[in-house]
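What follows is a set of notes on a single structure, which appears directly below.
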Amino acid sequence: MSMLFNSVITDFDLHSGLSQAKASIRRRLSDMRGMFADQTAFEEELRTDDRLVYEYYDMGVPHTEKDVAYGTSIVYPGKVGAEYHMTKGHFHTVLDTTEVYFCLRGHGYLMMENPEGDVEARELKPGLALYVPKRYAHRSINVSATEPLITFFAFPGHAGHDHGTIETKGFRKVIAEKHGAAEIVDNPRWST
């Protein structure tokens, strides 16, 4: 029997996405300034409720190209104006790296966009795995009114996260509630 050295074992509750072994990184509404298209609605919401929008786990895997970083992301139900709760979204610092998402629970979308402006939104439902191609920024969006969107993710350990590029104007498209359903619409911040 061979021994594994430097292994990392993490527990994840398959229903909640939470771990008892690690602390999550939490993003409250106040951490999401500049992420939502409707800044007026954002400021109004923030005045009354600095709620938890999402949390995720960084497992502390070494940041090398031969290692795999992984964890879970939990996006809670809610909206700012008509736009659904989401993660900040990011490019990878090493732009030519990829990521895989596997949906454990909930209903949502993975919004993806490359620097040239190609945009794609893919539905997330339990049991679906999505491959994010290299050079694509990505964010998870929860369109359920009642349950969290929980995904398991994995990417090369050296990929890094570039949130700054997204923070300037957001993605070109957003997912908002229109006529009682989730729709992909133009981000008005890109037209200014």
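What follows draws every value from the coordinates through simple rules; no lab data is involved. This is a predicted model, so every value here is computed, not measured. Because the Cβ atoms are built from the backbone with ideal geometry, glycine has one as well, and the counts that use them run over all protein chains shown.
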Item checked: Binned Cα-Cα distances of the stretch 108-192, short to long, each 10 Å bin given as a whole percent -> 15, 47, 33, 6, 0
Notebook entry, point to check: Got a sec? How would LYS22, LYS134 order by Cβ neighbour count within 10 Å, fewest to most?
Noted result: LYS134, LYS22
Next item on the list: Could you line up HIS179, HIS107, HIS15, HIS161 from fewest to most neighbouring Cβ atoms inside 10 Å?
Entry: HIS179, HIS15, HIS161, HIS107
Note to self: At a threshold of 8 angstrom on Cα-Cα distance, excluding pairs fewer than six apart, so keeping six or more, what relative contact order does the chain reach in percent?
What the structure shows: 24 percent
Next item on the list: Rounded to the nearest 10 degrees, what's the angle between the helix 39-48 long axis and the longest principal axis of the chain, both from Cα atoms, 0 to 90?
Entry: 70 degrees
Margin query: Give me the three principal axis extents of the stretch 25-190 from the C-alpha atoms, as integers in angstrom, largest value leading.
Written below: 44, 32, 27
